[in-house]
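The values are calculated or read from the model by the stated rules, or taken from the named source; none is laboratory data. Treat the numbers as computed from the prediction; the structure is a model and nothing was measured. Every residue, glycine among them, receives a Cβ derived from its backbone with ideal geometry; neighbour counts consider all protein chains shown.
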Amino acid sequence: MSVRLLLLLLLLAAAAARAEIPLAERRSGYAFMGRDTRAMQDDDAVNPATLWVLDGEELWRRKAGAAGESCADCHALERMRGVAARYPAVRGGELVSLEQQVNVCRVERQKARAFGYESRELLSLGALIGRQSRGMPIAVEMTPQTRPYLEAGRALFERREGQLNLACSQCHDERWGEKLGGAPIPQAHPTGYPIYRLEWQSLGSLERRLRNCMIGIRAEPYAWGAREAVELELYLMWRARGMPLETPAVRP
Amino acid sequence: MARAIVQVPAQAKRGEIIEIKTLIGHTMETGFRHNDRGELIPRDIIRLFVCTYNGVEVFRAELHPAVSANPLLIFPTVATESGTLEFRWTGDNGFSAVRSAKVEVS
């Protein structure tokens, strides 16, 4: 009896170990791309996301809102180094994504209207802030406050949903490296957001990318900025902990 | 003002083949797509790109609806003399953008 129990436990442990990708076997989406697309990401002069970074630099210095202040009036851009690698984070008792934090500043400090999700402005600032952390290891803060959000994000990642009844983990933990419609299935590490996706012909956020997968499995996407989306984002960032940030990345 | 990035080597040897990279922000709307209400979205593309080197045309490209958004053009030219390269994009709806870069030839 006890031997059987032990065997069962061992099997369970093996199954659990198989589910998550071992740290050393993790690969950025970059590793699954062709040579041309990699070259496009590596050279700022040909990486189309640079156009958004330039916009971001202009926005950073532009005074806005009733307060008449710019981002630069409070924050030196150099001080943004490492910031994107730490988001989503708990601020004021709430889990917020980097985009949401930008809007918190917009509304509370600049007394201006919040930027819309996926707006050119928000993407540009996201690309500029993210660019400051390029090459730095992803390091979301793990505190007793963030832990419940992380567990909620993990549960979402492993939960089957949609008409195809698939969980994120079934493709990205268990079948990465295999093909889906002729394209390699990556491990789903959010190493370079916002990304310039060739399919989109534009820059886009992690949330937009998550929507693609959710529509693909015929599930209803979370509303923009929904708590679930940010929890999933936090789990994905934690899952990619230690991997270098590539923002702004190029993806096919 | 359109956003554009051009990359030209600052220095080159006479007779050397240099690579020029240009990237410009543009939606390149094909004119074949429909919006949510089923209406055709009018075409809005860059039609022509011309590069001149001290006033002499060294590269020209006609762009068509199949060209991607944010067109990236990379082309070579021979460094003949020190001077200025001028890049000009023109297109639908009066679109026009100009950039220039200097090259020093020794």
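Residues satisfying the criterion are present in segment B:12-19 (criterion: within 14 Å of another protein chain (Cβ to nearest Cβ) and of a type outside the set (V, I, T)). Within segment B:60-74, the set of residues being in a strand (DSSP E or B) and out of contact with any Ser or Thr (no Cβ under 8 Å at 6 or more places or on another chain) comprises B:R60, B:A61, B:E62.
Summed over segment A:78-98, residues that are loosely packed, with under 14 Cβ neighbours inside 10 Å, among the basic types (K, R) and closer than 18 Å to A:Q145 by Cβ total 1. The single condition among (1) in a loop (DSSP other than H, G, I, E, B); (2) within 14 Å of chain A (Cβ to nearest Cβ) that B:D36 does not satisfy is (2). Taking A:V102 as the residue in question, decide whether it is β-branched (V, I, T), crowded, with 16+ Cβ neighbours inside 10 Å and within 14 Å of chain B (Cβ to nearest Cβ). No: the conditions fail for A:V102.
For A:W200, which of the numbered conditions (1) under 20 Å from A:S124 (Cα atoms); (2) touching a residue at least 12 places away in the same chain (Cβ under 8 Å) fails to hold? If we test A:W200 against (1) under 20 Å from A:S124 (Cα atoms); (2) touching a residue at least 12 places away in the same chain (Cβ under 8 Å), just (2) comes out false. Under the condition of being among the small types (G, A, S) and free of Cβ contacts under 8 Å to residues at least 24 places away in the same chain, the residues counted in segment A:203-215 number 0. If you go through segment A:34-53 and keep only what is crowded, with 17+ Cβ neighbours inside 10 Å and within 11 Å of chain B (Cβ to nearest Cβ), you end up with A:M40, A:V46, A:N47, A:P48, A:A49, A:T50, A:L51, A:W52, A:V53. Of the residues B:I46, B:I24, only one is within 12 Å of the chain's Cα centre (by Cα), in contact (Cβ under 8 Å) with a residue 60 or more places away in the chain and either within 17 Å of A:V46 (Cα to Cα) or crowded, with 16+ Cβ neighbours inside 10 Å (or both); which? Just a single option satisfies the conditions, and that option is B:I24.
The numbered conditions (1) at pLDDT 95 or above; (2) away from chain B (no Cβ under 14 Å) are all true for A:G181 except (1). Only residues that are loosely packed, with under 12 Cβ neighbours inside 10 Å, over 12 Å from the mean Cα position of the chain (by Cα) and away from chain A (no Cβ under 14 Å) were counted in segment B:50-75, giving 4.
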